[in-house]
1. Test Gln149 against the criterion of being crowded, with 20+ Cβ neighbours inside 10 Å and not β-branched (Val, Ile, Thr), and give yes or no.
2. Do we find that Arg124 is open to solvent by 50 Å² or more (accessible area, probe 1.4 Å) and out of contact with any Pro (no Cβ under 7 Å at 6 or more places or on another chain) in this structure?
3. Quick check on the range 130-139. Is at least one of its residues of a type outside the set (Ser, Thr, Tyr) and over 22 Å from the mean Cα position of the chain (by Cα)?
4. May I ask you to verify whether Tyr200 is touching a strand residue (DSSP E or B) at 6+ places or on another chain (Cβ under 8 Å), open to solvent by 80 Å² or more (accessible area, probe 1.4 Å) and not acidic (Asp, Glu)?
5. Could you check how many residues of the range 50-61 are part of a helix (DSSP H, G or I) and either open to solvent by 50 Å² or more (accessible area, probe 1.4 Å) or hydroxyl-bearing (Ser, Thr, Tyr) (or both)?
6. Here is a check on your reading of the model: is Leu144 at pLDDT 90 or above and either of a type outside the set (Lys, Arg) or open to solvent by less than 20 Å² (accessible area, probe 1.4 Å) (or both)?
7. Quick one: Ala80 ticks every box in (1) among the small types (Gly, Ala, Ser); (2) touching an Asp or Glu at 6+ places or on another chain (Cβ under 7 Å); (3) open to solvent by 10 Å² or more (accessible area, probe 1.4 Å) bar one, so which box is it?
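The values are calculated or read from the model by the stated rules, or taken from the named source; none is laboratory data. Computed from a predicted structure; not experimentally measured. Note: ideal-geometry Cβ built from the backbone for every residue, glycine included; neighbour counts use all protein chains shown. Remember, those area values only see protein heavy atoms, side chains included, never the ligands or the DNA or RNA. Shrake-Rupley method; radii C 1.70, N 1.55, O 1.52, S 1.80 Å.
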Amino acid sequence: YNAYSFFFFKQKTAYEISACLVGSEMCIRDRYMGTFQNIDFQKMSTKPNVKVMNIKKKFVADGVFHAELHQFLEKALQQAGYAGIEIRVTPVKTEIRIKATKSNEVIGPDGRKIRELISLVQKRFNYPKDTVDIRVINVPFRGLCASAQCENLRFKLLSGAPVRLAANGIIKTVMRDGAKGCEVIISGKLRQQRAKTMKYKQGYMVTTGQPKLDYVDTAVRHVFFKQGIMGVKVKIMLPYDPSGKKGIKQPLPDYVIITEPKEDIEDEIKTGGQQQQAETQE
């Protein structure tokens, strides 16, 4: 992005991209880009009176870009166990890393699906050709991924499984993979006409402070039925792992390690106690 493209951001949604409506509607950005084609921005940048783009507007535009891309990939990669994205911008390329439990389904046969995703992102956000790179990061532990478990619960509910059995099955899967705690919240018209909320818990869960941001993985999905919409939320308390492979590297603030005393210290304590006893006997 240059300094002037953020002001004319957005209109088409991720749904329109997935419905193959790219180019059928004109964005506000596209309407104004023609007026800036004949302007040499490099010469303008050398002038001292040119105003630099507001930092607040840049962060807002980055947030809108991340949210819209996340919403689109969430719908396009439901079957692949989509678990989030990481975006890294370099002067040459914009690198998008997709986390998924089934990386082969993201790539597709002969890499066709990932090329389609790259083409859609370039068209939607007006990137030049070969400036977007999408990579796939495989999530090794499916039970510790809240997005994957939320999608699994959604498919169980759509297939007609009882709510209690579906929720308990998710909790057992999560705790079997080594999680510290799990919480499943299902709200909507469960059986009766009146909507209600049911909450299922097991284990230990942090709800406040910085540990909540570090340790708790959360995912939300909406399940559409004939009688209405049902909301599903899965929260997983990740374990502590110094290596960072299966959990979080940073320990909890109240985590205390009690080490056993060394052998030389024990010998000193014993010899010191024997000397005191000898002095008292004398």
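1. Numbers: crowded, with 20+ Cβ neighbours inside 10 Å: yes; not β-branched (Val, Ile, Thr): yes.
So Gln149 fits the description; yes.
2. When the stated conditions are applied, Arg124 does not pass them.
3. Looking only at the range 130-139, we keep the residues that are of a type outside the set (Ser, Thr, Tyr), and these are 130, 132-139.
Right, trim to over 22 Å from the mean Cα position of the chain (by Cα) and you get 130.
Yes, the range 130-139 has at least one match.
4. Details: touching a strand residue (DSSP E or B) at 6+ places or on another chain (Cβ under 8 Å): yes; open to solvent by 80 Å² or more (accessible area, probe 1.4 Å): no; not acidic (Asp, Glu): yes.
In short, no.
5. Initially, the range 50-61 is screened for residues part of a helix (DSSP H, G or I), giving 55-61.
Filter again for either open to solvent by 50 Å² or more (accessible area, probe 1.4 Å) or hydroxyl-bearing (Ser, Thr, Tyr) (or both), leaving 55-60.
The number of residues fulfilling the criteria is 6.
6. Values: at pLDDT 90 or above: no; either of a type outside the set (Lys, Arg) or open to solvent by less than 20 Å² (accessible area, probe 1.4 Å) (or both): yes.
Here the answer is no, as Leu144 does not meet what is asked.
7. Failed condition: (3).
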